[in-house]
Each structure stands twice: as structure tokens, then as C-alpha cells.
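The values are calculated or read from the model by the stated rules, or taken from the named source; none is laboratory data. Note that this is a predicted model, so its numbers are computed, not measured. Note that each Cβ is placed from the backbone with ideal geometry, even for glycine, and that neighbours are counted across all protein chains shown.
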Amino acid sequence: MIHPLSDVQSKNIGENTFVWQFSVILKDAFIGNRCNINCNVFIENDVFIGDDVTIKSGVQIWDGVHIGDKVMIGPNVTFTNDRIPISKNKEYKNEKTIINESVSIGANSTILCGIEIGFKTLIGAGSVLTKSTEPYTVWYGNPAEHKGYITEDFCLLNLNLIDKHTGEEYYLEGFKPVKK
């Protein structure tokens, strides 16, 4: 469903994807199946969005952003694609940003271009992420810092891999936290 008050120029919109009012999607953008693009979202041309992605209101996604499946992008998240933004810059360099599968990005976060956010990473609300992340990690702050881990079933762990609510201890198997 594409709301009649949106401006969707792309023909690359997957099945069962909803685009709400006042959103703009440029012609070369690709959006997968079962996505929910809330109102007041802007999506530029060189953008790929996977399946089952939710993009809340007020988000801008610029050229060079690649978003994997099952990603949650909170309200007013801003992506960048130029580390030195200068008006009328003839030396402009578009830097790619990769958001891997099952990432959650909290409201009002800013994501600096040229980084990769690892599988199932959680970025806390209001964060300014300036560097790439490993899978299953939790980041927040300005600038965002690695503050803990997240398990396959969404338990938050501190940097010592302990669930502060249950006291259960985990260890890393590769990048994935697993109960001891």
C-alpha cells in the first residue's frame, strides 16, 4: 500500500510494503517485502532496504546506505553519506554505510557514513555512531561507545557478559553471546 499523499518514484517496492503519507522515495531506491515506511521519510536513489524493515517517521536515508533484513530504525534517525559536507563541493565522495540484518537503531540517532553495523547490534536512542560495530553488541552515547552485548533472544548483557537482571553469565562463541 502506497499512501496517495506520498511521492514514490521507485518501481522497486516489494510486496506487502506500506509507505505512509508525506514520504518521498526516489526512482532508483530498492525496498523489499513487508516493510513499513512511516510518514515523513526520505529515501534517496542509491539505497537498498531488505525485507521486514521498519522505518519510523522523520528518517532520512541518503545515497550509499544498504539496510539488511529485519532492521528497526527509530524515529528521526539520520544517516550521512559525506564526511566533509560542503555546499557545491565538486570533490564530494559518497561513502557507503552497511546496516546488517536484525539491527535496531534508537530514536534520534545519527549514523556517520562509511561504517558497517554488525548483525543484531543495538544502537541506543540519541546516539552518534562514528565507527563500525561487531555483531551482537550494544552501543550508546555521543559519541556512541560499546556498552555491552545482546543475545539471540534479546537479553541485554554488560561488558562482562552478565545479565544484570538474572545474574546469568555468558561467554562469546565467535561474536555470539552464549550461556555458560
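Taking the condition surrounded by fewer than 17 Cβ atoms within 10 Å (Cβ to Cβ) and within 17 Å of residue 95 (Cα to Cα), does residue 83 pass? Write out each step before concluding.
Values: surrounded by fewer than 17 Cβ atoms within 10 Å (Cβ to Cβ): yes; within 17 Å of residue 95 (Cα to Cα): yes.
Criteria met by residue 83.
Return the residues of region 63-100 that are within 21 Å of residue 118 (Cβ to Cβ), at pLDDT 95 or above, more than 9 Å from the chain's Cα centre (by Cα) and assigned to a loop (DSSP other than H, G, I, E, B); say none if nothing qualifies.
64, 69, 70, 96, listed by residue number.
Limited to region 86-118, what total is found for residues that are free of Cβ contacts under 8 Å to residues at least 24 places away in the same chain, over 16 Å from residue 140 (Cα atoms) and either among the hydroxyl-bearing types (Ser, Thr, Tyr) or buried (at least 17 other Cβ atoms within 10 Å of the Cβ) (or both)?
Of all residues in region 86-118, those free of Cβ contacts under 8 Å to residues at least 24 places away in the same chain come to 86-93, 115-117.
Remaining after also requiring over 16 Å from residue 140 (Cα atoms): 86-93.
Those left that are additionally either among the hydroxyl-bearing types (Ser, Thr, Tyr) or buried (at least 17 other Cβ atoms within 10 Å of the Cβ) (or both): 87, 92.
Within region 86-118, residues that are free of Cβ contacts under 8 Å to residues at least 24 places away in the same chain, over 16 Å from residue 140 (Cα atoms) and either among the hydroxyl-bearing types (Ser, Thr, Tyr) or buried (at least 17 other Cβ atoms within 10 Å of the Cβ) (or both) number 2.
Just to check your reading of the model, which residue among 42, 22 is in contact (Cβ under 8 Å) with a residue 12 or more places away in the chain and at negative phi?
Values: 22 fails: at negative phi.
42 is the lone residue from the list that is in contact (Cβ under 8 Å) with a residue 12 or more places away in the chain and at negative phi.
So residue 81 fits all but one of (1) in contact with an Asp or Glu (Cβ under 7 Å, 6 or more places away or on another chain); (2) closer than 24 Å to residue 51 by Cβ; (3) in contact (Cβ under 8 Å) with a residue 40 or more places away in the chain; what number is the exception?
Looking at each condition in turn, residue 81 falls short on (3).
Tell me yes or no: at least one residue of region 28-45 is in contact with a strand residue (DSSP E or B) (Cβ under 9 Å, 6 or more places away or on another chain) and of a type in the set (Asp, Glu).
yes
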